[in-house]
Structures are given as structure tokens and as C-alpha cells.
Amino acid sequence: MDEYPEPVHELAAGALDPRAELSEFLRTRRARLKPEDVGLPDYGRYRRVPGLRREELAQLAGVSVAYYTRLEQGNGRHVSAEVLDAIARALRLSDAEHAHLTHLAKPKQQKKKPASRAQQVRGPLRTLLDTMDGVPAILVGRRSDILAWNRMAAAVFGDWAELPAREQNWARLVFLRPEYRDLFVDWEHKASDVVSQLRMDAGSHPDDPRLSALVGELSVKSEEFRRLWATHDVKERCHGIQRLHHPLVGELDLRLESFHQADAHEQMLVTYHAEPNSPSAEALRLLANWGADATRAGTDTSSARTA
């Protein structure tokens, strides 16, 4: 029999079981492939499961069915890099998905750090953020924590300095604060990006208690988070267009660029800039005059309109 009961994944309790993560990730990747996608015949009504069967995937990867079955049941011990590469090719994984599979199957042995230890931001990096006048810039760390930002980021996204430290987190903002549904024109896309990046963190750091607590909290409080978390999608967003609806200046089309820190790879500098001489560039200039008060003023105006 091809399928087996899904492993219990205690999202509500915030448990991140590495074996369950590996099992569910492989099953969801296999389920999204159709036989015709990989040159196999589709027997129509005789196919009892979505996507490829285990034996089909094992054949494509060049491993035994028993070996692949053990791996998909969460037993990644002693698996070689060559086998993981073959399975990644058979599943047509992206680079981010391939890296995630490797982390899940062969977790690094790391010295545990105290749970209370904060992520550190170098002083010169804070200075760099402050000197990026006219360009919203944010330093994002593990668990989607917002570690530092400049004046323009506060004008565009809100004055996070007014929030408790634990609330300075993209996942909490996007899923738990209604004003961010209005801010992001394509909220679903932003939410998917946040969850996909949290999945990458979970693969690299399955024993992070703060990450487990965050996943548990969001799973209890947000049905949309639970739905997106269950897809097991992973990706690293490096660039793209971020469309916003700012309460003061209206539509903003900003170019997003992100840069990993060489000495702190888990930290990413994210910048947003507008095309020169565009309406968005003019809107940013207006917001620069407002500074951190921009979103607050716009929120007050919106509240007055709906009162």
C-alpha cells in the first residue's frame, strides 16, 4: 500500500519534529508531480494517490523502494549526499528546496545557544541603514525577526519601535495585525513568502525553541497560517516587486532587493527602491518629509474616514 497515516505534527503545541518535517516535505513534493511531468504513463482511474507513487519516485531516483520509503517515513540517518541529490532531481526541487531537504535529512550538529540570546546587529550596519536616505531598508534575522530598520522603512511600514520586541516580527505582523492586510496589495503572496522562509529556518534549526513557539502561536491564532504551513513550501526571496497601498500616499510599486550578510548569513538586508521619476519615487519623497510619523498619521486618517 503506497500511503500511510500522516505523522502527527503538533502545530498547536509548537513542536517541530525533524522526522515529521522530513516525511511531510517529501510527501508534499511527491504529490505535486504528475506522471506525465516526468515521462511516465498515467493509468488514469487506476491511480489511487495524488502525484507519483513511491515506487515511481524511487525508480526515477535510482534507489530501492524500501530505501526511499524509509526516508519518506522520516528516517534520514546515514543517507548520502549523492542519494539526496538524486531524489532532489527526481522531485524537480528548486535550489531552496534542495537545501531544505539536505537540512532535514542531515541536520548539522550545532552547539546549543541559550534560548534567551538575542541576535546581534553590528554597529556599522546600523550606521549604514541610517545613511541610506530615501531608501527603506530593513535587517531581517532568523524567525523573520525585524532586527533593525531606517527612518524611511518606518515611514513606509510603520514605527516598529513602538511595539514590544517580540512583536517586531514579520510573521506576527502579517498574520496577526489587520493593518498589514491593507498595506500589502497582494497579501497572500507576502504571507506565503513569510511562511516559506520560516520553513527554511525550521529545516536549519529544528530545535530552536523560539521558532517552535512562534509556529505554535500562529497555528492557534491564524487559520491562514495553518493552511500555508501545511503546504511545506520553501523559498528564499532575493528580489522582486513589492506593491503596497500606503494610507497616506496610496499605491507604491517598489523594487525589493535582499543581501545576506557575509559574517551573519541568517541576517538579510532588504531594501526597497522606486524607479527614478516614477509616481512611487515621488511618493517616497513625500514620505521622507513625514518620517516615522507617516504611517501613524495615515492610520489616524483612515480611522477617521471609517468612523
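The values are calculated or read from the model by the stated rules, or taken from the named source; none is laboratory data. Just so we're clear, the structure is a prediction, and the values are computed from it rather than from any experiment. FYI the Cβ positions are ideal-geometry reconstructions off the backbone, even for glycines, and counts take in every protein chain you see. Just so you know, the surface numbers come from the protein's heavy atoms only, side chains and all, with ligands and any DNA or RNA stripped out. Shrake-Rupley method; radii C 1.70, N 1.55, O 1.52, S 1.80 Å.
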Legend entry - Residue in segment 118-134 that is among the polar types (S, T, N, Q), surrounded by fewer than 18 Cβ atoms within 10 Å (Cβ to Cβ) and not in a helix (DSSP H, G or I) present: yes
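The rows are residues; the columns are (1) part of a loop (DSSP other than H, G, I, E, B); (2) touching a Lys or Arg at 6+ places or on another chain (Cβ under 8 Å); (3) closer than 24 Å to His103 by Cα.
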| position | (1), (2), (3) |
| --- | --- |
| Val156 | no, no, no |
| Ala161 | no, no, no |
| Val174 | no, yes, no |
| Ser192 | no, no, yes |
| Asp201 | no, yes, yes |
| Asp207 | yes, yes, yes |
| Leu211 | no, yes, yes |
| Leu214 | no, yes, yes |
| Ser219 | no, yes, yes |
Inset, instruction - Any chance you could count how many residues in segment 152-188 are touching a residue at least 40 places away in the same chain (Cβ under 8 Å), of a type in the set (D, E, K, R) and surrounded by fewer than 20 Cβ atoms within 10 Å (Cβ to Cβ)? - result: 4
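Taking the options Gly250, Gly203, name whichever one is surrounded by fewer than 18 Cβ atoms within 10 Å (Cβ to Cβ) and more than 25 Å from Arg126 (Cβ to Cβ). Spell out how you get there, then give the answer.
Working: Gly203 fails: surrounded by fewer than 18 Cβ atoms within 10 Å (Cβ to Cβ).
Testing whether each residue is surrounded by fewer than 18 Cβ atoms within 10 Å (Cβ to Cβ) and more than 25 Å from Arg126 (Cβ to Cβ) leaves just Gly250.
Taking the criterion of being at pLDDT 85 or above and open to solvent by 40 Å² or more (accessible area, probe 1.4 Å), would at least one residue in segment 46-55 satisfy it?
Step one: of segment 46-55, the residues at pLDDT 85 or above are 52-55.
Still in the list and also open to solvent by 40 Å² or more (accessible area, probe 1.4 Å): 53, 55.
Looking through segment 46-55, at least one residue is at pLDDT 85 or above and open to solvent by 40 Å² or more (accessible area, probe 1.4 Å).
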Legend entry - Positions within segment 215-242 being buried (at least 16 other Cβ atoms within 10 Å of the Cβ) and in contact with a strand residue (DSSP E or B) (Cβ under 7 Å, 6 or more places away or on another chain), in sequence order: Arg237, Gln242
Legend entry - Out of Phe157, Phe175, sole residue that is among the aromatic types (Phe, Trp, Tyr), at pLDDT 90 or above and within 13 Å of the chain's Cα centre (by Cα): Phe175
Inset, instruction - Might you check whether a residue that is of a type in the set (A, V, I, L, M, F, W, C) and closer than 22 Å to Leu218 by Cα occurs anywhere in segment 123-133? - result: no
